[in-house]
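Working notes, beginning with the structure itself.
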Amino acid sequence: MSSVHQQTKVPGVSSPRGHELLDRIDYRLADTPAAKEAIYQLRYRAYLDEGAIEPNADGRVTDAHDDMPNSWVFGVHVDGVLSGSIRISVATPAMPTSPSVDVFSDVLGPELQNGKVIVDPTRFVADPDRIQRIPELPYVTVRLGYVACCYFDADIGLATVRAEHQAFYRRVFLQKPLCEPRLFPGLLKPVGLMAADYREIRERVYARFPFMRSSAFERRMLFGRAADAPTLRAADAPNMAPAKSSECYI
């Protein structure tokens, strides 16, 4: 990938609290061993801080989906410092796997069989030493899931979160629980599956949180694959072509 793919500056728009944090944000695709390792260690510190995992000797959290061709692992850098991370996986009929699809296969499998495209953000973490000083960090991090929904023209946007975090996803993404919480591999606390029909709620989310919008350029720089890399574009599923810029752009 070129450097423009690895580091994408977010447009300068106001955050929910009136600050202009997005001016200080870089979304960086973790496409080197060093970048991935930093994120795996950040996950460990964040999960351990909130009691989501047992301590381990490696001091890192990773799984097979980090290296899947339908996953993108991003570091969220504030003022050049890695402060958060999220992984975006895209499940399609041609590649019917993602972290949430694996755990909630009985719920999501039928959707894939019906030709749906599912954007599945997981491994959302924030640096426990910085989150108190940057309360807007969760908003600008989960924004990547919404950018992905636009790029892949998703039918369904997911969130797999603990019960105490569901109110945030109801408020921001208008998502609703689909089933009872379940345990993810390696985690100590069960998480619930939440979802929304992306096209149905898109304009309402934009109206309430305009910074969720993105440009065609930003989407392509974040989620476009190099010519020789595995791709999940229209050749794999008819409705995976990027959405029109006029539908997602400010």
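Ordered by solvent-accessible area of protein heavy atoms (1.4 Å probe), largest first, the residues Met68, Met212 come out as Met68, Met212. 3J(HN,Hα) along segment 78-86: 10, 6, x, 10, 4, 10, x, 7, 8 Hz, from the Karplus curve 6.51 cos²θ - 1.76 cosθ + 1.60 with θ = phi - 60°, whole Hz, x for Gly and Pro. For Arg208, the accessible area of its heavy atoms, probed at 1.4 Å with every protein chain present, is near 110 square angstrom.
Sequence-ordered 3J(HN,Hα) estimates for segment 52-57 from the Karplus curve with 6.51, -1.76 and 1.60 and θ = phi - 60° stand at 8, 9, 7, x, 9, 5 Hz, glycine and proline given as x. In order along segment 159-172, phi translates into HN-Hα couplings of 8, 10, 9, 6, 4, 6, 9, 5, 4, 4, 6, 5, 6, 7 Hz, rounded to whole numbers, per the Karplus curve 6.51 cos²θ - 1.76 cosθ + 1.60 with θ = phi - 60° and x for Gly and Pro.
When all protein chains stay in place and ligands, DNA and RNA are ignored, the 1.4 Å accessible-area order of Phe124, Phe184, Phe104, largest first, is Phe124, Phe184, Phe104.
Tell me, Kirkwood radius of segment 53-120 from alpha-carbon pair distances, in Å? Don't jump to the answer; show the numbers that get you there.
Details: mean 1/r = 0.0731 Å⁻¹.
One decimal place: 13.7 Å for the Kirkwood radius.
For Leu108, the shell of other residues with beta-carbons less than 15 Å away shows a net charge of -4, using +1 for Lys and Arg and -1 for Asp and Glu. Remark: segment 102-157 carries 33 Å² of accessible area per residue (probe radius 1.4 Å; ligands, DNA and RNA excluded).
Here Lys189 is the anchor, and the aspartates and glutamates within straight C-alpha reach of less than 20 Å, apart from those fewer than 8 places off in the same chain, are Asp49, Glu50, Glu54, Asp63, Asp102, Asp120, Asp127, Glu164, Glu180.
The values are calculated or read from the model by the stated rules, or taken from the named source; none is laboratory data. The model shown is predicted, which means the values in this text are computed figures rather than measured ones. Don't worry about glycine lacking a Cβ; one is built from the backbone with ideal geometry, like all the others, and counts go over all protein chains shown. We work out accessible area using only protein heavy atoms, side chains counted, and drop any ligands, DNA or RNA first. Shrake-Rupley method; radii C 1.70, N 1.55, O 1.52, S 1.80 Å.
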